[in-house]
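Notes follow the structure.
The values are calculated or read from the model by the stated rules, or taken from the named source; none is laboratory data. The structure presented is a predicted model; accordingly, all values stated were derived computationally and were not measured. As a convention, Cβ positions derive from the backbone with ideal geometry for all residues, glycine included, and neighbour counts pool all protein chains shown.
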Amino acid sequence: MIKKIRVLVAKPGLDGHDRGAKIVARALRDAGMEVVYTGLHQTAQQIVNTAIQEDVDVVGLSLLSGAHMTLFIDVALLLKEKQMDDVLIVGGGIIPQQDVPGLKKAGIAEVFGPGTPVEDIVSYIKKNVKR
Amino acid sequence: MSELSAKVIAGDPRSIGRLITLVENDAPEAVEAMKQIHRYTGQAQIIGVTGVMGSGKSSLIFELALVFRAEGKKVGIIAIDPTSPFSGGALLGDRIRMMDLSTDSGVFIRSMGTRGMMGGLTSALYDVVEILDAAGMNVIIIETVGVGQDEVDIVKIADTTLVVLIPGLGDSVQTIKAGLMEIADIFVVNKADKPGVEQTVAELESMLDLVGHTEYRTPIVATSVKEKKGIQLLTSKIAEHQEYLKKSKTFDTRRRQRYEAELIEIIRKRLMDFIFDEKKLKKTVDCCIDQISKKELDPYTAADEILGKILK
(Lines give C-alpha, C1' and ligand atoms only; values in the text may rest on other atoms or scores of the structure.)
Protein backbone atom coordinates (compact mmCIF):
# COMPACT_ATOMS: atom_id res chain seq x y z
CA MET A 1 0.00 0.00 0.00
CA ILE A 2 1.41 3.35 -1.06
CA LYS A 3 -0.10 6.32 0.71
CA LYS A 4 0.66 9.74 -0.69
CA ILE A 5 -0.31 12.99 0.99
CA ARG A 6 -2.74 14.86 -1.28
CA VAL A 7 -2.92 18.61 -0.92
CA LEU A 8 -5.28 21.15 -2.46
CA VAL A 9 -3.62 24.53 -2.92
CA ALA A 10 -6.38 27.08 -3.41
CA LYS A 11 -6.68 30.80 -4.06
CA PRO A 12 -10.02 32.03 -2.74
CA GLY A 13 -11.54 35.34 -3.68
CA LEU A 14 -10.47 38.22 -5.84
CA ASP A 15 -6.72 38.07 -5.49
CA GLY A 16 -4.56 37.75 -8.59
CA HIS A 17 -1.26 37.00 -6.91
CA ASP A 18 -0.34 33.34 -6.99
CA ARG A 19 3.44 33.31 -6.98
CA GLY A 20 3.51 32.29 -3.33
CA ALA A 21 0.91 29.57 -3.86
CA LYS A 22 2.92 28.21 -6.80
CA ILE A 23 6.17 28.20 -4.81
CA VAL A 24 4.48 26.29 -1.99
CA ALA A 25 2.81 23.91 -4.49
CA ARG A 26 6.15 23.15 -6.07
CA ALA A 27 7.87 22.62 -2.69
CA LEU A 28 5.15 20.17 -1.65
CA ARG A 29 5.54 18.37 -4.97
CA ASP A 30 9.28 18.09 -4.38
CA ALA A 31 8.52 16.66 -0.94
CA GLY A 32 6.68 13.78 -2.64
CA MET A 33 3.11 15.03 -2.22
CA GLU A 34 0.37 15.13 -4.85
CA VAL A 35 -0.66 18.73 -5.20
CA VAL A 36 -3.86 19.82 -6.90
CA TYR A 37 -3.82 23.51 -7.76
CA THR A 38 -7.13 25.28 -8.36
CA GLY A 39 -5.90 28.43 -10.02
CA LEU A 40 -7.16 31.91 -9.15
CA HIS A 41 -10.49 33.38 -8.05
CA GLN A 42 -12.18 30.43 -6.39
CA THR A 43 -15.32 30.50 -4.26
CA ALA A 44 -15.51 28.56 -0.99
CA GLN A 45 -18.01 26.22 -2.66
CA GLN A 46 -15.64 25.48 -5.54
CA ILE A 47 -12.75 24.82 -3.16
CA VAL A 48 -14.75 22.50 -0.92
CA ASN A 49 -16.28 20.54 -3.84
CA THR A 50 -12.79 20.12 -5.26
CA ALA A 51 -11.49 18.92 -1.89
CA ILE A 52 -14.24 16.30 -1.79
CA GLN A 53 -13.74 15.03 -5.35
CA GLU A 54 -9.97 15.00 -5.03
CA ASP A 55 -10.23 13.47 -1.53
CA VAL A 56 -7.35 15.59 -0.26
CA ASP A 57 -5.74 15.30 3.17
CA VAL A 58 -4.82 18.98 3.32
CA VAL A 59 -6.37 22.22 2.08
CA GLY A 60 -3.87 25.09 1.80
CA LEU A 61 -5.41 28.53 1.32
CA SER A 62 -3.42 31.49 0.07
CA LEU A 63 -4.68 35.06 0.20
CA LEU A 64 -3.00 38.42 -0.07
CA SER A 65 -6.03 40.66 -0.44
CA GLY A 66 -7.02 40.99 3.22
CA ALA A 67 -10.30 39.06 2.99
CA HIS A 68 -8.97 36.05 4.90
CA MET A 69 -11.24 36.54 7.92
CA THR A 70 -14.22 36.01 5.63
CA LEU A 71 -12.94 33.60 3.00
CA PHE A 72 -10.71 31.28 5.05
CA ILE A 73 -13.48 30.92 7.62
CA ASP A 74 -16.09 30.28 4.88
CA VAL A 75 -14.00 27.41 3.56
CA ALA A 76 -13.47 25.98 7.07
CA LEU A 77 -17.21 26.17 7.85
CA LEU A 78 -18.21 24.57 4.59
CA LEU A 79 -15.68 21.76 5.00
CA LYS A 80 -17.12 21.09 8.43
CA GLU A 81 -20.66 21.16 7.07
CA LYS A 82 -19.67 18.49 4.54
CA GLN A 83 -18.18 16.36 7.32
CA MET A 84 -14.66 16.83 6.02
CA ASP A 85 -13.42 17.23 9.60
CA ASP A 86 -10.39 15.07 8.98
CA VAL A 87 -8.91 17.54 6.50
CA LEU A 88 -6.03 19.66 7.75
CA ILE A 89 -6.56 23.31 6.84
CA VAL A 90 -3.60 25.67 6.65
CA GLY A 91 -3.37 29.26 5.43
CA GLY A 92 -0.77 31.63 4.13
CA GLY A 93 -0.29 35.08 2.66
CA ILE A 94 -0.48 38.54 4.15
CA ILE A 95 -2.20 37.76 7.45
CA PRO A 96 -1.79 40.25 10.35
CA GLN A 97 -0.66 38.60 13.58
CA GLN A 98 -3.78 39.74 15.46
CA ASP A 99 -6.00 37.76 13.05
CA VAL A 100 -4.24 34.46 13.63
CA PRO A 101 -6.02 33.47 16.88
CA GLY A 102 -9.41 34.05 15.26
CA LEU A 103 -8.47 31.93 12.27
CA LYS A 104 -7.19 29.13 14.48
CA LYS A 105 -10.40 29.19 16.46
CA ALA A 106 -12.31 28.80 13.21
CA GLY A 107 -10.37 25.68 12.30
CA ILE A 108 -7.36 26.93 10.36
CA ALA A 109 -4.70 24.79 12.00
CA GLU A 110 -1.72 26.99 11.16
CA VAL A 111 -0.95 30.23 9.36
CA PHE A 112 2.29 30.77 7.46
CA GLY A 113 3.31 34.36 6.83
CA PRO A 114 5.81 35.87 4.39
CA GLY A 115 9.37 34.63 4.90
CA THR A 116 8.36 31.18 6.18
CA PRO A 117 10.88 28.64 4.87
CA VAL A 118 9.01 26.14 2.68
CA GLU A 119 10.67 23.31 4.63
CA ASP A 120 8.68 24.45 7.68
CA ILE A 121 5.42 24.09 5.75
CA VAL A 122 6.43 20.65 4.45
CA SER A 123 7.37 19.34 7.88
CA TYR A 124 4.28 20.88 9.52
CA ILE A 125 2.03 19.08 7.03
CA LYS A 126 3.87 15.78 7.36
CA LYS A 127 3.59 15.96 11.13
CA ASN A 128 -0.01 17.11 11.39
CA VAL A 129 -1.83 15.44 8.52
CA LYS A 130 -4.80 13.74 10.12
CA ARG A 131 -5.13 10.54 8.12
CA MET B 1 -22.53 -5.01 0.07
CA SER B 2 -20.34 -2.62 2.06
CA GLU B 3 -21.57 0.84 2.96
CA LEU B 4 -18.86 2.40 0.80
CA SER B 5 -19.83 0.44 -2.33
CA ALA B 6 -23.51 1.25 -1.80
CA LYS B 7 -22.77 4.96 -1.48
CA VAL B 8 -20.56 4.91 -4.57
CA ILE B 9 -23.35 3.32 -6.59
CA ALA B 10 -25.74 5.95 -5.21
CA GLY B 11 -23.36 8.60 -6.60
CA ASP B 12 -22.19 10.12 -3.31
CA PRO B 13 -19.21 12.36 -4.21
CA ARG B 14 -17.39 11.89 -0.91
CA SER B 15 -17.51 8.10 -1.23
CA ILE B 16 -16.47 8.17 -4.88
CA GLY B 17 -13.49 10.33 -3.94
CA ARG B 18 -12.61 8.01 -1.06
CA LEU B 19 -12.76 4.81 -3.06
CA ILE B 20 -10.58 6.32 -5.78
CA THR B 21 -7.95 7.14 -3.15
CA LEU B 22 -8.14 3.60 -1.82
CA VAL B 23 -7.56 2.05 -5.25
CA GLU B 24 -4.75 4.52 -5.95
CA ASN B 25 -3.09 3.53 -2.70
CA ASP B 26 -3.57 -0.18 -3.38
CA ALA B 27 -5.43 -0.46 -0.11
CA PRO B 28 -6.75 -3.95 0.69
CA GLU B 29 -10.29 -2.69 1.39
CA ALA B 30 -10.47 -1.35 -2.17
CA VAL B 31 -10.45 -4.83 -3.67
CA GLU B 32 -13.65 -5.83 -1.89
CA ALA B 33 -15.46 -2.72 -3.11
CA MET B 34 -14.21 -3.19 -6.66
CA LYS B 35 -15.55 -6.73 -6.69
CA GLN B 36 -18.94 -5.48 -5.50
CA ILE B 37 -19.37 -2.63 -7.96
CA HIS B 38 -18.30 -4.46 -11.13
CA ARG B 39 -21.77 -5.59 -12.04
CA TYR B 40 -23.09 -2.05 -11.88
CA THR B 41 -20.72 -0.95 -14.65
CA GLY B 42 -20.82 -0.96 -18.43
CA GLN B 43 -23.23 1.90 -19.11
CA ALA B 44 -20.78 4.77 -19.55
CA GLN B 45 -19.35 6.01 -22.80
CA ILE B 46 -15.57 6.32 -22.45
CA ILE B 47 -13.71 9.00 -24.34
CA GLY B 48 -9.92 9.24 -24.30
CA VAL B 49 -8.22 12.54 -25.01
CA THR B 50 -4.52 12.45 -25.75
CA GLY B 51 -1.95 14.69 -27.42
CA VAL B 52 1.21 16.66 -26.82
CA MET B 53 1.54 18.86 -23.76
CA GLY B 54 0.10 22.30 -24.15
CA SER B 55 -2.18 21.26 -27.01
CA GLY B 56 -5.22 22.38 -25.02
CA LYS B 57 -6.61 19.02 -23.90
CA SER B 58 -7.94 20.28 -20.55
CA SER B 59 -9.65 23.32 -22.03
CA LEU B 60 -11.14 21.21 -24.80
CA ILE B 61 -12.48 18.70 -22.26
CA PHE B 62 -14.09 21.55 -20.36
CA GLU B 63 -15.94 22.59 -23.54
CA LEU B 64 -16.96 19.00 -24.33
CA ALA B 65 -18.25 18.55 -20.80
CA LEU B 66 -20.44 21.64 -21.17
CA VAL B 67 -22.05 20.15 -24.28
CA PHE B 68 -22.66 16.78 -22.60
CA ARG B 69 -24.12 18.57 -19.57
CA ALA B 70 -26.47 20.52 -21.83
CA GLU B 71 -27.67 17.13 -23.13
CA GLY B 72 -28.42 16.18 -19.52
CA LYS B 73 -25.61 13.64 -19.24
CA LYS B 74 -23.55 13.16 -16.10
CA VAL B 75 -19.87 13.57 -16.78
CA GLY B 76 -16.84 12.06 -15.06
CA ILE B 77 -13.43 13.45 -15.88
CA ILE B 78 -10.11 11.80 -15.05
CA ALA B 79 -7.17 14.13 -15.59
CA ILE B 80 -3.72 12.55 -15.44
CA ASP B 81 -0.51 14.48 -14.92
CA PRO B 82 3.01 13.12 -14.52
CA THR B 83 4.40 11.97 -11.19
CA SER B 84 7.99 13.08 -10.64
CA PRO B 85 10.37 10.14 -11.01
CA PHE B 86 12.66 11.98 -8.60
CA SER B 87 10.48 12.97 -5.67
CA GLY B 88 7.37 10.84 -6.26
CA GLY B 89 5.33 14.03 -5.99
CA ALA B 90 3.10 15.55 -8.64
CA LEU B 91 1.56 18.86 -9.54
CA LEU B 92 -1.92 18.18 -10.81
CA GLY B 93 -2.98 21.27 -12.70
CA ASP B 94 -5.48 20.15 -15.35
CA ARG B 95 -8.38 21.11 -13.14
CA ILE B 96 -7.52 24.80 -13.39
CA ARG B 97 -9.12 24.84 -16.88
CA MET B 98 -12.26 23.17 -15.57
CA MET B 99 -13.00 24.99 -12.31
CA ASP B 100 -16.29 26.34 -13.59
CA LEU B 101 -17.56 22.74 -13.52
CA SER B 102 -16.67 22.19 -9.87
CA THR B 103 -20.00 23.44 -8.53
CA ASP B 104 -22.01 21.34 -10.98
CA SER B 105 -23.26 18.26 -9.15
CA GLY B 106 -23.53 16.41 -12.46
CA VAL B 107 -19.76 16.52 -12.94
CA PHE B 108 -17.07 14.64 -11.04
CA ILE B 109 -13.45 15.55 -11.74
CA ARG B 110 -10.50 13.65 -10.37
CA SER B 111 -6.82 14.49 -10.91
CA MET B 112 -4.32 11.65 -10.80
CA GLY B 113 -0.55 11.28 -10.93
CA THR B 114 0.98 8.59 -13.16
CA ARG B 115 2.75 7.08 -10.12
CA GLY B 116 5.46 5.41 -12.14
CA MET B 117 3.26 3.97 -14.88
CA MET B 118 4.48 4.41 -18.47
CA GLY B 119 2.24 4.84 -21.50
CA GLY B 120 0.55 8.07 -20.48
CA LEU B 121 -1.86 6.53 -17.99
CA THR B 122 -1.84 5.44 -14.35
CA SER B 123 -2.25 1.87 -13.17
CA ALA B 124 -5.34 2.57 -11.06
CA LEU B 125 -7.11 4.00 -14.11
CA TYR B 126 -9.12 0.88 -14.95
CA ASP B 127 -10.52 0.89 -11.43
CA VAL B 128 -11.29 4.60 -11.49
CA VAL B 129 -13.20 4.19 -14.76
CA GLU B 130 -15.23 1.37 -13.19
CA ILE B 131 -15.94 3.51 -10.11
CA LEU B 132 -17.21 6.49 -12.12
CA ASP B 133 -19.22 4.15 -14.34
CA ALA B 134 -20.85 2.44 -11.35
CA ALA B 135 -21.53 5.86 -9.82
CA GLY B 136 -23.79 6.68 -12.75
CA MET B 137 -21.64 8.84 -15.01
CA ASN B 138 -22.98 8.66 -18.58
CA VAL B 139 -19.78 9.92 -20.12
CA ILE B 140 -16.26 9.42 -18.78
CA ILE B 141 -13.53 11.56 -20.30
CA ILE B 142 -9.93 10.55 -19.68
CA GLU B 143 -7.17 13.06 -20.22
CA THR B 144 -3.76 11.40 -20.59
CA VAL B 145 -0.56 13.14 -19.63
CA GLY B 146 0.91 15.29 -22.37
CA VAL B 147 2.35 12.54 -24.56
CA GLY B 148 5.25 12.15 -26.95
CA GLN B 149 5.09 9.82 -29.90
CA ASP B 150 4.54 6.41 -28.42
CA GLU B 151 2.41 6.67 -25.30
CA VAL B 152 -0.66 5.01 -26.73
CA ASP B 153 -2.13 2.94 -23.90
CA ILE B 154 -5.32 5.03 -23.88
CA VAL B 155 -6.67 2.91 -26.77
CA LYS B 156 -6.86 -0.06 -24.42
CA ILE B 157 -9.48 1.67 -22.32
CA ALA B 158 -11.38 4.26 -24.39
CA ASP B 159 -14.26 3.59 -26.76
CA THR B 160 -13.36 6.69 -28.71
CA THR B 161 -9.86 8.18 -28.73
CA LEU B 162 -9.26 11.80 -29.68
CA VAL B 163 -5.73 12.74 -30.68
CA VAL B 164 -5.30 16.46 -30.15
CA LEU B 165 -2.74 18.22 -32.33
CA ILE B 166 -1.93 21.87 -32.86
CA PRO B 167 -0.74 23.69 -35.99
CA GLY B 168 2.99 23.87 -36.63
CA LEU B 169 4.22 20.65 -35.07
CA GLY B 170 6.18 19.49 -38.10
CA ASP B 171 6.00 18.41 -41.73
CA SER B 172 3.99 15.65 -43.37
CA VAL B 173 6.52 12.97 -42.47
CA GLN B 174 5.50 13.40 -38.83
CA THR B 175 1.97 12.40 -39.77
CA ILE B 176 3.00 9.02 -41.20
CA LYS B 177 5.13 8.04 -38.23
CA ALA B 178 4.01 5.16 -36.06
CA GLY B 179 2.58 5.42 -32.57
CA LEU B 180 0.35 8.30 -31.60
CA MET B 181 -0.77 8.94 -35.17
CA GLU B 182 -2.13 5.40 -35.50
CA ILE B 183 -4.54 5.47 -32.58
CA ALA B 184 -6.93 8.31 -33.41
CA ASP B 185 -10.62 7.67 -33.88
CA ILE B 186 -10.89 11.41 -34.37
CA PHE B 187 -8.11 13.91 -35.04
CA VAL B 188 -8.58 17.28 -33.41
CA VAL B 189 -6.53 20.21 -34.64
CA ASN B 190 -6.91 22.52 -31.68
CA LYS B 191 -5.88 26.15 -31.34
CA ALA B 192 -7.29 26.68 -34.82
CA ASP B 193 -7.14 30.41 -34.15
CA LYS B 194 -3.39 30.12 -34.79
CA PRO B 195 -1.85 30.19 -38.28
CA GLY B 196 -1.12 26.95 -40.11
CA VAL B 197 -4.37 25.09 -39.43
CA GLU B 198 -5.20 24.46 -43.10
CA GLN B 199 -1.79 22.93 -43.69
CA THR B 200 -2.02 20.65 -40.66
CA VAL B 201 -5.50 19.51 -41.70
CA ALA B 202 -4.35 18.94 -45.29
CA GLU B 203 -1.35 16.89 -44.16
CA LEU B 204 -3.57 14.74 -42.00
CA GLU B 205 -5.99 14.27 -44.88
CA SER B 206 -3.22 13.11 -47.21
CA MET B 207 -1.94 10.79 -44.53
CA LEU B 208 -5.41 9.26 -44.29
CA ASP B 209 -5.50 8.96 -48.11
CA LEU B 210 -2.40 6.76 -47.91
CA VAL B 211 -4.28 4.36 -45.68
CA GLY B 212 -6.70 3.74 -48.52
CA HIS B 213 -10.35 2.95 -48.37
CA THR B 214 -11.61 1.70 -45.03
CA GLU B 215 -15.07 1.38 -43.60
CA TYR B 216 -14.40 4.17 -41.13
CA ARG B 217 -12.40 7.21 -42.17
CA THR B 218 -10.95 9.10 -39.21
CA PRO B 219 -12.51 12.55 -39.22
CA ILE B 220 -10.42 15.66 -38.68
CA VAL B 221 -11.99 18.48 -36.72
CA ALA B 222 -10.43 21.91 -36.31
CA THR B 223 -11.35 23.49 -32.99
CA SER B 224 -10.64 26.70 -31.17
CA VAL B 225 -11.56 26.90 -27.53
CA LYS B 226 -10.66 30.57 -27.54
CA GLU B 227 -13.10 31.36 -30.34
CA LYS B 228 -15.56 28.59 -29.33
CA LYS B 229 -15.32 27.01 -32.78
CA GLY B 230 -15.70 23.39 -33.81
CA ILE B 231 -16.86 22.08 -30.44
CA GLN B 232 -20.36 21.10 -31.60
CA LEU B 233 -18.90 19.49 -34.70
CA LEU B 234 -16.50 17.52 -32.52
CA THR B 235 -19.28 16.21 -30.28
CA SER B 236 -21.29 15.16 -33.33
CA LYS B 237 -18.25 13.30 -34.69
CA ILE B 238 -17.89 11.55 -31.32
CA ALA B 239 -21.55 10.51 -31.54
CA GLU B 240 -21.04 9.27 -35.10
CA HIS B 241 -18.06 7.20 -33.97
CA GLN B 242 -20.17 5.66 -31.20
CA GLU B 243 -22.81 4.76 -33.81
CA TYR B 244 -20.15 3.21 -36.00
CA LEU B 245 -18.77 1.18 -33.07
CA LYS B 246 -22.18 -0.23 -32.27
CA LYS B 247 -23.15 -0.94 -35.89
CA SER B 248 -19.86 -2.60 -36.78
CA LYS B 249 -19.70 -4.67 -33.58
CA THR B 250 -16.33 -3.02 -32.91
CA PHE B 251 -17.81 -1.82 -29.63
CA ASP B 252 -17.88 -5.31 -28.12
CA THR B 253 -14.37 -5.99 -29.38
CA ARG B 254 -13.08 -2.83 -27.72
CA ARG B 255 -14.81 -3.57 -24.43
CA ARG B 256 -13.35 -7.07 -24.49
CA GLN B 257 -9.92 -5.57 -25.13
CA ARG B 258 -10.39 -3.29 -22.16
CA TYR B 259 -11.29 -6.11 -19.80
CA GLU B 260 -8.38 -8.11 -21.14
CA ALA B 261 -5.98 -5.22 -20.48
CA GLU B 262 -7.51 -4.68 -17.05
CA LEU B 263 -7.17 -8.32 -16.08
CA ILE B 264 -3.57 -8.44 -17.25
CA GLU B 265 -2.88 -5.26 -15.28
CA ILE B 266 -4.30 -6.74 -12.08
CA ILE B 267 -2.22 -9.89 -12.53
CA ARG B 268 0.87 -7.82 -13.34
CA LYS B 269 0.35 -5.70 -10.24
CA ARG B 270 -0.06 -8.69 -7.98
CA LEU B 271 3.01 -10.39 -9.42
CA MET B 272 5.04 -7.20 -9.03
CA ASP B 273 3.85 -6.84 -5.46
CA PHE B 274 5.07 -10.32 -4.76
CA ILE B 275 8.38 -9.93 -6.56
CA PHE B 276 9.07 -6.54 -5.03
CA ASP B 277 8.20 -7.66 -1.54
CA GLU B 278 11.93 -7.50 -0.83
CA LYS B 279 11.80 -9.47 2.40
CA LYS B 280 9.84 -12.33 0.91
CA LEU B 281 11.92 -12.40 -2.24
CA LYS B 282 15.21 -12.28 -0.35
CA LYS B 283 14.10 -15.25 1.66
CA THR B 284 13.22 -17.15 -1.52
CA VAL B 285 16.51 -16.25 -3.16
CA ASP B 286 18.59 -16.93 -0.08
CA CYS B 287 18.70 -20.69 -0.48
CA CYS B 288 20.50 -20.49 -3.82
CA ILE B 289 23.20 -17.97 -2.95
CA ASP B 290 25.42 -20.56 -1.31
CA GLN B 291 25.21 -22.86 -4.29
CA ILE B 292 25.96 -20.02 -6.68
CA SER B 293 29.02 -18.92 -4.77
CA LYS B 294 30.28 -22.52 -4.64
CA LYS B 295 29.70 -22.76 -8.42
CA GLU B 296 27.28 -25.63 -7.93
CA LEU B 297 24.61 -23.56 -9.63
CA ASP B 298 24.69 -20.67 -12.09
CA PRO B 299 22.50 -17.57 -11.50
CA TYR B 300 20.36 -18.16 -14.62
CA THR B 301 19.39 -21.69 -13.70
CA ALA B 302 18.72 -20.49 -10.16
CA ALA B 303 16.47 -17.70 -11.47
CA ASP B 304 14.54 -20.16 -13.65
CA GLU B 305 14.01 -22.45 -10.70
CA ILE B 306 12.82 -19.65 -8.42
CA LEU B 307 10.47 -18.21 -11.05
CA GLY B 308 9.15 -21.69 -11.66
CA LYS B 309 8.27 -21.99 -8.01
CA ILE B 310 6.62 -18.54 -7.89
CA LEU B 311 4.52 -19.11 -11.00
CA LYS B 312 3.48 -22.60 -10.06
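Table for the structure above
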read-out	value
Residues that are closer than 22 Å to A:VAL122 by Cβ, without any contact (Cβ under 8 Å) to a residue 40 or more places away in the chain and of a type in the set (Val, Ile, Thr), drawn from the range A:69-91	A:ILE89, A:VAL90
Condition met for B:THR103 (free of Cβ contacts under 8 Å to residues at least 24 places away in the same chain and among the hydroxyl-bearing types (Ser, Thr, Tyr))	yes
Members of the range B:13-38 found to be surrounded by fewer than 16 Cβ atoms within 10 Å (Cβ to Cβ) and either more than 9 Å from chain A (Cβ to nearest Cβ) or aromatic (Phe, Trp, Tyr) (or both), listed by number	B:GLU29, B:VAL31, B:GLU32, B:LYS35, B:HIS38
The range A:58-70: number of residues that are surrounded by fewer than 23 Cβ atoms within 10 Å (Cβ to Cβ) and of a type outside the set (S, T, N, Q)	4
Subset tally (residues that are more than 17 Å from the chain's Cα centre (by Cα) and either more than 8 Å from chain A (Cβ to nearest Cβ) or surrounded by fewer than 24 Cβ atoms within 10 Å (Cβ to Cβ) (or both)) for the range B:68-92	14
Some residue of the range A:94-108 being touching a Leu at 6+ places or on another chain (Cβ under 7 Å), under 21 Å from A:ALA51 (Cα atoms) and at pLDDT 95 or above	no
Residues of the range B:77-96 satisfying the condition of being part of a strand (DSSP E or B) and out of contact with any Leu (no Cβ under 6 Å at 6 or more places or on another chain)	B:ILE77, B:ILE78, B:ALA79, B:ILE80, B:THR83, B:ALA90, B:LEU91, B:LEU92
Scope the range A:83-118; condition over 15 Å from the mean Cα position of the chain (by Cα) and either at positive phi or surrounded by 15 or more Cβ atoms within 10 Å (Cβ to Cβ) (or both); matching residues	A:GLN83, A:ASP99, A:GLY115
Filter result (over 32 Å from the mean Cα position of the chain (by Cα) and in a loop (DSSP other than H, G, I, E, B)) within the range B:250-299	B:LYS294, B:LYS295, B:GLU296, B:LEU297, B:ASP298
Single condition B:THR114 does not satisfy, out of (1) surrounded by 24 or more Cβ atoms within 10 Å (Cβ to Cβ); (2) of a type in the set (Ser, Thr, Tyr); (3) closer than 21 Å to B:ILE266 by Cα	(1)
Close pairs (8 angstrom Cβ cut-off, 6 or more residues apart or separate chains): farther than 20 Å from A:VAL87 by Cβ in the range A:1-22, among the basic types (Lys, Arg) and assigned to a loop (DSSP other than H, G, I, E, B) anywhere	A:ILE2/B:ARG115; A:ASP18/A:LYS11
The listed residue being surrounded by fewer than 13 Cβ atoms within 10 Å (Cβ to Cβ) and over 29 Å from B:MET118 (Cβ atoms), out of B:ASP252, B:ASP298, B:ASP273	B:ASP298
Selection status of B:SER105, over 23 Å from B:PHE187 (Cβ atoms) and either in a strand (DSSP E or B) or at the interface with chain A (Cβ under 10 Å from one of its Cβ atoms) (or both)	yes
